[in-house]
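Visitor: Mind looking over this structure? Questions follow.
The values are calculated or read from the model by the stated rules, or taken from the named source; none is laboratory data. Values in this document were obtained by computation on a predicted structure and should not be read as measured data. Please note: Cβ atoms are built from the backbone with ideal geometry, for glycine as well, and neighbour counts cover all protein chains shown.
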Amino acid sequence: MVVLVVGGAGYIGSHACRALRHGGHDVIVYDNLCTGFESLVQGFELVKADVLDGAALGRVLPRVDAIMHFAAHAYVGESVANPRKYFRNNVEGGLSLLNAAADAGVKKIIFSSTCAVYGVPAKVPIDEDTPRQPVNPYGVSKLFFENALAAYDRAYGIRYASLRYFNAAGADESGEIGEMHDPETHLIPLALAAAAGTGPELQVFGTDYATPDGTCVRDYIHVNDLASAHVKALELLSEGNMSFAVNLGTGSGYSVQEVISSVEAVAGKRVSRKSAPRRAGDPPALVANPAKAEMLLGWKATRGLREIVETAWNFAQRKAAVAR
Ligand SMILES: NC(=O)c1ccc[n+]([C@@H]2O[C@H](COP(=O)([O-])OP(=O)(O)OC[C@H]3O[C@@H](n4cnc5c(N)ncnc54)[C@H](O)[C@@H]3O)[C@@H](O)[C@H]2O)c1
């Protein structure tokens with residue numbers, strides 16, 4: 001299949017591009033490079049354009065069998081301060097893509113959704129029947145697009161997979177591509193930078209949660225496990241002619257303190273850190289129940305926290321060596 005990977009020059013999208021190629025598919029990357037990097041998609045065809053650009057989409061979509069939609073703004077705090085930016089890109093941009101797909105007759109779309117659509121769930125692990133009640137504009141924008149997909153499915157027969165990622169982390173085993181967010185807000189790269197002395201002291205937001213060690217618990221999923229789930233979802237959309245939404249997580253939660261310990265073990269260095277107040281809207285624990293994805297996709301995350309931290313560390317070391 002020819003797959004248009006929208007937002008493919010970003011962190012998760014670039015790993016998906018490699019997984020698709022490995023699975024025998026042809027890839028066209030579509031990205032405006034607002035947070036993406038050409039260096040992450042070397043060797044792939046890249047269309048540099050915005051999802052809001054209907055004309056550019058109209059030119060490329062006739063060559064395409066399916067779409068993977070990674071393009072979005074994805075900083076929760078920024079979405080609270082500047083919802084307009086988020087609704088413009090994630091909602092209006094998403095609809096622009098969906099309308100262009102409908103016009104071009106592209107009937108398969110895989111969407112990067114998020115556990116943020118669940119807001120602060122009453123119980124963990126979280127299954128797909130948990131009420132979707134996002135607590136910030138980022139989550140609201142993702143829920144909107146999930147609902148738009150359902151409407152376009154009913155009206156125009158566009159089949160979709162909404163993949164609700166938990167915390168994406170780690171890097172490709174080659175060390176060639178990985179996470180390069182700027183600013184970086186994710187725990188593992190921040191902890192690695194604090195250990196390496198290339199970043200500031202790590203702030204631990206909240207140490208008095210009702211969790212075993214008082215710090216927040218999250219479900220970290222390796223980016224290549226996410227990427228392989230996308231390929232499986234594409235295959236199911238093609239064979240099954242059915243739409244679906246699934247959680248993508250490991251089912252195991254790790255606390256901030258446990259992540260720090262793992263980073264220290266891998267890096268062989270102390271993570272300099274300080275306690276900071278809780279952040280508003282941060283639930284104590286977010287852990288996926290991945291049973292539906294396992295059953296439907298025949299997929300299971302195969303890498304654990306150790307592999308996540310090791311691959312992220314290798315990528316960070318390699319990046320630092322190139323910069324020197
Ligand atoms: N990283 C996570 O832990 C996580 C968790 C849940 C969901 N997600 C979702 O996964 C997706 C990818 O996340 P990521 O961490 O790889 O982010 P990223 O910022 O690295 O990638 C997003 C890509 O989309 C591109 N893009 C953004 N707006 C665009 C536009 N208007 N037109 C064209 N291209 C545009 C960016 O240039 C970038 O290459 C996002 O939709 C995000 O909401 C991420």
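Visitor: Would you confirm whether any residue within the range 292-303 is of a type in the set (Phe, Trp, Tyr), touching a Leu at 6+ places or on another chain (Cβ under 6 Å) and either outside the structural domain of THR130 (by TED's automatic domain parsing) or not in a loop (DSSP other than H, G, I, E, B) (or both)?
Guide: Narrowing the range 292-303 to residues of a type in the set (Phe, Trp, Tyr): 299.
Now narrow it down to the ones that are touching a Leu at 6+ places or on another chain (Cβ under 6 Å): none.
There is no residue in the range 292-303 that is of a type in the set (Phe, Trp, Tyr), touching a Leu at 6+ places or on another chain (Cβ under 6 Å) and either outside the structural domain of THR130 (by TED's automatic domain parsing) or not in a loop (DSSP other than H, G, I, E, B) (or both).
Visitor: Still on this structure, please answer the following. Sort out which residues of the range 269-311 are within 19 Å of the chain's Cα centre (by Cα), more than 27 Å from GLY119 (Cα to Cα) and not acidic (Asp, Glu), and write them in order of number.
Guide: Across the range 269-311, the qualifying residue is only THR311.
Visitor: If you don't mind, another one. State all residues of the range 169-184 that are on the phi > 0 side of the Ramachandran plot and more than 12 Å from the ligand (Cβ to nearest atom); if no residue qualifies, say none.
Guide: Within the range 169-184, just GLY175 meets the criteria.
Yes or no, residue by residue, for (1) within 30 Å of GLU264 (Cβ to Cβ); (2) touching a His at 6+ places or on another chain (Cβ under 9 Å); (3) among the acidic types (Asp, Glu); (4) within 14 Å of the ligand (Cβ to nearest atom):
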residue	(1), (2), (3), (4)
GLU128	no, no, yes, no
PRO131	no, no, no, no
ASN167	yes, yes, no, yes
HIS186	yes, no, no, yes
GLY199	yes, no, no, no
VAL204	yes, no, no, no
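Visitor: I'd like to check something: does the range 8-26 contain any residue that is free of Cβ contacts under 8 Å to residues at least 40 places away in the same chain, in a strand (DSSP E or B) and within 25 Å of ILE158 (Cα to Cα)?
Guide: yes
Visitor: I would also like to ask the following. Using beta carbons and a limit of 7 Å, which pairs, at least six apart or on different chains, have the first residue in the range 41-66 and in a helix (DSSP H, G or I) and the second one at pLDDT below 95?
Guide: As it stands, the answer is none, since no pair meets every condition given.
Visitor: Same structure, new question: Within the range 147-165, take every residue that is among the charged types (D, E, K, R) and more than 12 Å from the ligand (Cβ to nearest atom) and give me the one that is farthest from LYS232 (Cα to Cα).
Guide: Going through the range 147-165, the residues among the charged types (D, E, K, R) turn out to be 153-154, 159, 164.
Next, from what is left, pick out any that are more than 12 Å from the ligand (Cβ to nearest atom): 153-154, 159.
Details: ASP153: 20, ARG154: 23, ARG159: 15 Å.
Out of the qualifying residues, it is ARG154.
Visitor: Could you identify the single residue in ALA100, ALA81 that is surrounded by 15 or more Cβ atoms within 10 Å (Cβ to Cβ) and assigned by TED's automatic domain parsing to the domain that holds ALA150? Before you say what the answer is, go through the steps one by one.
Guide: Numbers: ALA81 fails: surrounded by 15 or more Cβ atoms within 10 Å (Cβ to Cβ).
Every option except ALA100 fails the conditions.
Visitor: From the list ALA312, ALA288, exactly one residue is crowded, with 19+ Cβ neighbours inside 10 Å and in contact with a helix residue (DSSP H, G or I) (Cβ under 6 Å, 6 or more places away or on another chain). Which is it? Walk me through how you get there before you give the answer.
Guide: Working: ALA288 fails: in contact with a helix residue (DSSP H, G or I) (Cβ under 6 Å, 6 or more places away or on another chain).
Just a single option satisfies the conditions, and that option is ALA312.
Visitor: Condition first: part of a helix (DSSP H, G or I) and at pLDDT below 95. Can you find one or more residues in the range 84-94 that meet it? Lay out the reasoning, then the answer.
Guide: Initially, the range 84-94 is screened for residues part of a helix (DSSP H, G or I), giving 84-94.
When the remaining residues are screened for being at pLDDT below 95, the result is none.
So far as the range 84-94 goes, no, none of its residues is part of a helix (DSSP H, G or I) and at pLDDT below 95.
Visitor: Out of the residues in the range 154-209 meeting the condition of being surrounded by 18 or more Cβ atoms within 10 Å (Cβ to Cβ) and basic (Lys, Arg), tell me which one is farthest from the chain's Cα centre (by Cα).
Guide: ARG159
Residue-wise test of (1) within 9 Å of the ligand (Cβ to nearest atom); (2) among the aliphatic types (A, V, I, L, M); (3) crowded, with 24+ Cβ neighbours inside 10 Å; (4) under 17 Å from ALA168 (Cα atoms).
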{"residue": "VAL5", "(1), (2), (3), (4)": "no, yes, yes, no"}
{"residue": "ALA9", "(1), (2), (3), (4)": "yes, yes, yes, yes"}
{"residue": "HIS15", "(1), (2), (3), (4)": "yes, no, yes, yes"}
{"residue": "GLY24", "(1), (2), (3), (4)": "no, no, no, no"}
{"residue": "CYS34", "(1), (2), (3), (4)": "yes, no, no, no"}
{"residue": "GLU38", "(1), (2), (3), (4)": "no, no, no, no"}
{"residue": "PHE44", "(1), (2), (3), (4)": "no, no, no, no"}
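Visitor: I need every pair where a residue in the range 188-210 that is without any contact (Cβ under 8 Å) to a residue 40 or more places away in the chain has its Cβ under 7 Å from the Cβ of a residue that is among the hydrophobic types (A, V, I, L, M, F, W, C), sequence separation at least 6 or different chains.
Guide: LEU190/LEU202; GLY199/LEU190; GLY199/ALA193; PRO200/ALA194
Visitor: What number of residues within the range 146-166 are closer than 25 Å to ALA81 by Cα and touching a residue at least 60 places away in the same chain (Cβ under 8 Å)?
Guide: Of all residues in the range 146-166, those closer than 25 Å to ALA81 by Cα come to 146-148, 164-166.
When the remaining residues are screened for being touching a residue at least 60 places away in the same chain (Cβ under 8 Å), the result is 146, 164-166.
Selection size over the range 146-166: 4.
Visitor: A further question follows. Please work out if PHE111 is among the aromatic types (Phe, Trp, Tyr), under 17 Å from LEU57 (Cβ atoms) and within 16 Å of the ligand (Cβ to nearest atom).
Guide: In short, yes.
Visitor: Hey, can you tell me all the residues within the range 68-86 that are more than 12 Å from the ligand (Cβ to nearest atom) and touching a helix residue (DSSP H, G or I) at 6+ places or on another chain (Cβ under 6 Å)?
Guide: Within the range 68-86, just PRO83 meets the criteria.
Visitor: Does the range 277-299 hold any residues that are touching a residue at least 60 places away in the same chain (Cβ under 8 Å), out of contact with any Lys or Arg (no Cβ under 6 Å at 6 or more places or on another chain) and over 24 Å from PRO134 (Cα atoms), and which are they?
Guide: Scanning the range 277-299 gives LEU296, GLY298.
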